[in-house]
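Everything below concerns the one structure shown next.
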Amino acid sequence: MLVMNSFNKSKSISRFALGASIILSVLVSQTLNAEALSTNQKQNSNFQADKSQAKKTVKKKRVRRAQTMRPKIFKKLDKVRELVDAKDYESAASKLESIAKIKRNSYEVAMTWNMHAYMHFNQENYSQAAIAYEKVISGKRVPESLVQTTLYSLAKLYLIQQQYQPALKTLNNWFDVVEKPGAEAFVLRAQVHYQLEQYKQALPDVKQAINLTLAKGKKPRENWLLMERAVYYQNKDYVAMERCLKDLIAYYPDSTSASQYWVQLSAIYNELGKPEAELAALETAYDQGLLLKENQLVNLAQAMLGKEIPYKAAQIILLGLKDRVITENAKNLSLLGDSLMLAKEYEQAITVMAKAARLSDSAKDFYKLAQIHTERQEWQQALTNINKALEKNESASTSIKEHEARILKGLVLFNMKDLLLARAEFEMAAEYSESSKMAEQWLTFIEGEEKRIAFIAGTE
C-alpha cells in the first residue's frame, strides 16, 4: 500500500513581480540632454537668422515693431558661440562680460542671456543655465518665439535638476503660449507629473502623445509606451496595462526588453486571474527564444509544475542546466527532482534529488527523496532518508511537517513487516490533529493485521 505523494507544487510566477522593472527613472540621461541641447541649438539658429535682419536698413513707417539685433552685437555673440563650441569657456565668459558693458536694446540683452545659457549648458552647469534662461524670459519686448523656446529649454533644465514643481509650472506656461504642442512636449509633462507622483494627471498627456503619433501613421516610441505602462501600473489599471504590454510586444518584437514584456504580460494575467493566458505568454516567449535568464526559465518551470505539466517543466530545467543558464544548486535541483517525480521519471528523479539533498542537507530534500523511494517500493532506502529528514528537521530552516513524516515512516515500516515500529510511528502521528484520523485508520488496520497473523500462526 502506497501513499500519494505530497510534493509541494511550485506556484506560478510570483504574484506581481513588476514594480522594480517598471519604476521610471528621472530623465537625466543622454536623451533629455540631447533634446535640451537640440532646443538650445534651435535658439541659436534663430540667433543666426538675425544676421540678415541686422543688415537691413530699409526705413519703414513709424510703427511699433519688434526689436532687432544690430550687426556689431550679432558678431560679438557669434564669436562667443564659436568659443563655446571650441570649449574655450574662459574666453567665452570674458567676451560676454565685455558685451554686458555695451548699451543694448531689450532683444539684444535677451540674446546675450541666451548665450550665457548656451555656455553654461555646454559645461553641464545647469543651475546657472536655468538662471540665464530666466533672465531671457523676464526681459521686456522679448519675441514670442524666443519666449517659447526658452520656456521649453528651462523646463527641461528644471527636470534635469529634479526640480519638478518649477518644471511643471514652466511647462504649463509654455503650453499656454504654443498653439500646437508636439507629442514630445506631452511626454515631457507626463514625465514631470510622474516624478511628482501625480499619476492620474500623467496619463492624459502620455496618451495624447501616443495618439498624435498614431494619427500620423507612425508607431509610438518605445519609451513612451514604457511610460504609459508605468502610469497604468501606478494607477493599478491592470486591464489597460495588459493592452499596453501587447502594444510593446507588437511594435517592438525585436527589442532587447522583449522578454521582459512577455514576462510582465504573464504576471499581469496572473493578477487578472487568467492562468491559461499567464502560462501561454511565458510559453510563447520561451518558444521564441526570448527567455534567456535563469529566473525567467525557473519561473516558467514553476508555472508548468503548478499547472501540472511536470514533464515540460523538467525539460526546461534540464536544457537550462545543459546550457549553463540555470545554476546547478540545491534549489534548482530540488525543483527538477519534483518535476521528474511528478512526470513519473523515478530513476532520474532519484539521482537528481539525492544530489539536491547532499547539497542542501535539508530535511525537505531528504523527505522528497524518501517519497521517491517509496514510490519505487525501495523500502530500506526510503527508511534511511526519512530518518535523515526527521534528524535534520530539528534544526533545519526548511523544515517538514513532522506528522506527515511520521505517517510516511509508518507506511514504510509496515511494508517492511515491522508492525511494532510502524505502530509506534502511527501513534505519534495520531497526536497531531492534522493526521490523527489517518493515523487511527492505520492503527486499526495494523491491529487487524496482527490478529490475522496470530490466527495464521495458531496462537489465538
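The values are calculated or read from the model by the stated rules, or taken from the named source; none is laboratory data. Treat the numbers as computed from the prediction; the structure is a model and nothing was measured. A quick note on method: Cβ atoms are made from the backbone with ideal geometry, for glycine too, and the neighbour counts reach across all protein chains shown.
Quick look at the values:
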item: Flag for Ser334 being out of contact with any Pro (no Cβ under 8 Å at 6 or more places or on another chain), modelled with pLDDT under 95 and over 30 Å from Leu248 (Cα atoms); result: no
item: Residue in the range 97-104 that is modelled with pLDDT of 95 or more, over 20 Å from Pro143 (Cα atoms), surrounded by 13 or more Cβ atoms within 10 Å (Cβ to Cβ) and not small (Gly, Ala, Ser) present; result: no
item: Flag for Tyr118 being surrounded by 13 or more Cβ atoms within 10 Å (Cβ to Cβ), in contact with a Phe, Trp or Tyr (Cβ under 8 Å, 6 or more places away or on another chain) and outside any loop (DSSP other than H, G, I, E, B); result: no
item: Matching residues in the range 347-370 - criterion: being under 13 Å from Ala314 (Cβ atoms) and either surrounded by 20 or more Cβ atoms within 10 Å (Cβ to Cβ) or in contact with a helix residue (DSSP H, G or I) (Cβ under 6 Å, 6 or more places away or on another chain) (or both); result: Gln348, Ala349, Val352, Met353
item: Members of the range 373-404 that are in contact with a Phe, Trp or Tyr (Cβ under 6 Å, 6 or more places away or on another chain) and of a type in the set (A, V, I, L, M, F, W, C); result: Ala389, Ile400
item: Scope the range 102-152; condition in contact (Cβ under 8 Å) with a residue 40 or more places away in the chain, out of contact with any Leu (no Cβ under 9 Å at 6 or more places or on another chain) and not hydrophobic (A, V, I, L, M, F, W, C); matching residues; result: Tyr118, Arg141, Pro143, Ser145, Thr149, Thr150
item: Per-region count, the range 316-338, residues surrounded by fewer than 17 Cβ atoms within 10 Å (Cβ to Cβ) and either touching a helix residue (DSSP H, G or I) at 6+ places or on another chain (Cβ under 8 Å) or within 20 Å of Ala354 (Cα to Cα) (or both); result: 7
item: Residues that are surrounded by fewer than 17 Cβ atoms within 10 Å (Cβ to Cβ) and more than 30 Å from Lys451 (Cβ to Cβ), drawn from the range 381-434; result: Thr384, Glu391, Glu394, Ser395, Ser397, Thr398, Ser399, Lys401
item: Sole residue being at pLDDT 95 or above, under 34 Å from the mean Cα position of the chain (by Cα) and among the basic types (Lys, Arg), chosen from Lys409, Lys355; result: Lys355
item: For Glu179: the one exception among (1) assigned to a helix (DSSP H, G or I); (2) more than 23 Å from Asp247 (Cβ to Cβ); (3) at pLDDT below 95; result: (1)
item: Wholly enclosed helices (runs of 4 or more DSSP H) of the range 308-421 bearing at least 2 residues closer than 28 Å to Ser435 by Cα, of a type in the set (S, T, N, Q) and in contact (Cβ under 8 Å) with a residue 24 or more places away in the chain; result: 330-342, 363-375, 379-392
item: Members of the range 242-284 that are part of a loop (DSSP other than H, G, I, E, B) and over 12 Å from Leu225 (Cα atoms); result: Pro253, Asp254, Ser255, Thr256, Ser257, Leu272, Gly273, Lys274
item: Top-ranked residue of the range 315-352 - restricted to ones that are among the hydrophobic types (A, V, I, L, M, F, W, C) and in contact with a Phe, Trp or Tyr (Cβ under 9 Å, 6 or more places away or on another chain), ranked as farthest from Leu390 (Cα to Cα); result: Ile316
item: Residue ID - surrounded by the most Cβ atoms within 10 Å (Cβ to Cβ), chosen from residues in the range 289-300 that are touching a helix residue (DSSP H, G or I) at 6+ places or on another chain (Cβ under 6 Å) and not in a helix (DSSP H, G or I); result: Leu291
item: Matching residues, the range 68-88, being assigned to a helix (DSSP H, G or I) and basic (Lys, Arg); result: Lys72, Lys75, Lys76, Lys79, Arg81
item: Criterion: modelled with pLDDT of 90 or more, surrounded by 16 or more Cβ atoms within 10 Å (Cβ to Cβ) and within 26 Å of Gln348 (Cα to Cα) - qualifying residue of Tyr311, Tyr286, Tyr261, Tyr269; result: Tyr286
